[in-house]
């Protein structure tokens, strides 16, 4: 199984990138490729810029997503929604391919330092991604990242850890069935 781990933040020490990479590694027998949002930055989308063509980084990003069996995407939250860099990439991708996420399976994640765990951005994605033909296999939000996650141990809260592992097992079974 080929998995892409992707955190929707350009921050060098992104907790969402850490979380996506950790979760992707929990899938048994998976080959995990990591994508960094900072590698896909492009000019702010506008119709005027679109007449100059779709940026090559957008095409590259979409082609990588299409080749994956699963995309483990951890959404960072800025002011209750997507980060500006992710929203911009998403805008460009939707211009490259109208059914942006057609035939792409997602395990959506979010985390934050606070108690809501990025629920605002998760709600936005659960509403928006299916309109772009995404197949969302499941989703999981981790609140209070610093208190509930250790870089070497993973999720330290037993209840949250069990919940995540159950979701991973169900996704893995559905992909190998």
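Only the coordinates and a few stated rules stand behind these numbers; no lab work does. Here the structure is a predicted model, which means the values were calculated and not measured. Note that each Cβ is placed from the backbone with ideal geometry, even for glycine, and that neighbours are counted across all protein chains shown.
Rounded to the nearest 10 degrees, the inclination of helix 119-128 to the longest alpha-carbon principal axis of the chain is 50 degrees. If you take the Cα centroid of region 94-166 and the Cα centroid of region 29-90, the two points sit 16 Å apart.
Residues considered: 120, 80, 29. Largest GNM mean-square fluctuation over the chain, using C-alpha springs under 10 Å, is found at 29. Relative contact order of the chain, taken over Cα pairs closer than 8 Å and 6 or more residues apart, is 21 percent.
Relative to the dominant Cα principal axis of the chain, helix 15-25 is inclined by about 70°.
In this simple spin-label model, placing a label point 7 Å from the Cα along the Cα-to-Cβ direction at both residue 69 and residue 13 gives a separation of 3.5 nm. What is region 116-177 by shape, rounded, prolate or oblate, if you read a ≥ b ≥ c off the alpha carbon gyration tensor as root eigenvalues and call it rounded for a/c under 1.5, prolate for a/b larger than b/c, and oblate otherwise? Taking the square roots of the gyration eigenvalues as a ≥ b ≥ c, region 116-177 is oblate.
Protection proxy ranking of 159-167, 70-78, by the mean of other Cβ atoms within 10 Å over each peptide's residues and highest first, is 70-78, 159-167. Is the shape of region 14-99 best called rounded, prolate or oblate, per the rule: a/c under 1.5 gives rounded, else a/b larger than b/c gives prolate, else oblate, with a ≥ b ≥ c the square roots of the Cα gyration tensor eigenvalues? Cα axes put region 14-99 in the oblate bin.
Taking Cα atoms, how many degrees apart are the long axis of helix 158-176 and the longest axis of the chain, rounded to 10 and kept between 0 and 90? The angle comes out near 60 degrees.
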